[in-house]
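Accompanying notes for the structure given below.
The values are calculated or read from the model by the stated rules, or taken from the named source; none is laboratory data. As the structure is a prediction and not an experimental result, all values here were calculated from the model. Here the Cβ positions follow ideal geometry from the backbone for every residue, glycine too, while neighbour counts run over all protein chains shown.
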Amino acid sequence: MRILVVGATGGTGREIVRQGLERGHEVTAFVRNPQRLGGEHERLRVAVGDVRSPPTLRAAMAGQEAVLSALGHKRWHYPNDILSGGTRAIVEAMREAGARRFVCETSLGVGDSVGRLGLYYTLFTIPFILPFYYWDKGRQERVVRASGLDWTIVRPAALTNGPARGRYRHGPRVGSYLLTRRISRADVAAFMLDQLTDSTYLRAAPAIAG
């Protein structure tokens, strides 16, 4: 399948690119800085641009069958719409290109999963360190839900850089109101790629945790 990976130089994005190539997909990595991606592959195309620059996004979208977004940023400490605005641009570019399948990573603790990232994140990290980030994730999810595309929102627990274990739980009620749940970015990437050929969570927002 021809897939576009947005946020391809982030932790989850890199894993999506690597595992996507291993699975035989034709991967286009949409990046601002190609030097951060590293590596070459005969089925890997690198498209340089920014989600807030519609012309570059439209150019990368041409011919794609699906989009996997691991869009993120580190501008946590002030209000912005990087996630929701970027996702809105992705949706518009997909509509123009005729691409239908959209798999978007957000986070456990957003929407109807509020509180299920555990007490530490719920009572301290999100309200005092990442409030603007999580508010925009909520807006991002609303953009996806209203897109009219064949979407799946993936809500991972606290992310780690550990190896893929292949043993994790997923579904609408995964998570804990007490303990912080974790999962590796490698496992999240594998789950997101699985959604390309699995309709179980079509137009749904499963959580995923180790």
For this session: Scan the range 168-186 and give yes if some residue there is within 13 Å of the chain's Cα centre (by Cα) and part of a loop (DSSP other than H, G, I, E, B), otherwise no.
Result: no
Exercise. Has the range 44-62 got at least one residue that is surrounded by fewer than 16 Cβ atoms within 10 Å (Cβ to Cβ) and under 21 Å from V188 (Cβ atoms)?
Worked result: no
For this session: Show the residue pairs that are 6+ apart or on different chains and have beta-carbon atoms under 9 Å apart, the first residue being within the range 184-210 and free of Cβ contacts under 8 Å to residues at least 24 places away in the same chain, the second being surrounded by 17 or more Cβ atoms within 10 Å (Cβ to Cβ) and in a helix (DSSP H, G or I).
Result: D187/E15
For this session: For the range 138-148, indicate whether the set of residues that are among the β-branched types (V, I, T) and surrounded by 23 or more Cβ atoms within 10 Å (Cβ to Cβ) is non-empty.
Result: yes
For this session: Answer yes or no as to whether T122 is buried (at least 21 other Cβ atoms within 10 Å of the Cβ) and of a type in the set (S, T, Y).
Result: no
Exercise. Could you list, in sequence order, the residues of the range 172-204 that are modelled with pLDDT under 95 and under 19 Å from E15 (Cβ atoms)?
Worked result: R181
Exercise. Of all residues in the range 5-54 being modelled with pLDDT of 95 or more, of a type outside the set (D, E, K, R) and part of a helix (DSSP H, G or I), which is nearest to A89 (Cα to Cα)?
Worked result: G13
Exercise. How many residues does the range 32-52 hold that are of a type in the set (S, T, N, Q) and more than 19 Å from the chain's Cα centre (by Cα)?
Worked result: 1
For this session: Select from the range 168-210 the residues that are in contact with a Ser or Thr (Cβ under 8 Å, 6 or more places away or on another chain) and of a type in the set (D, E, K, R) and write down the one among them that is farthest from R101 (Cα to Cα).
Result: R182
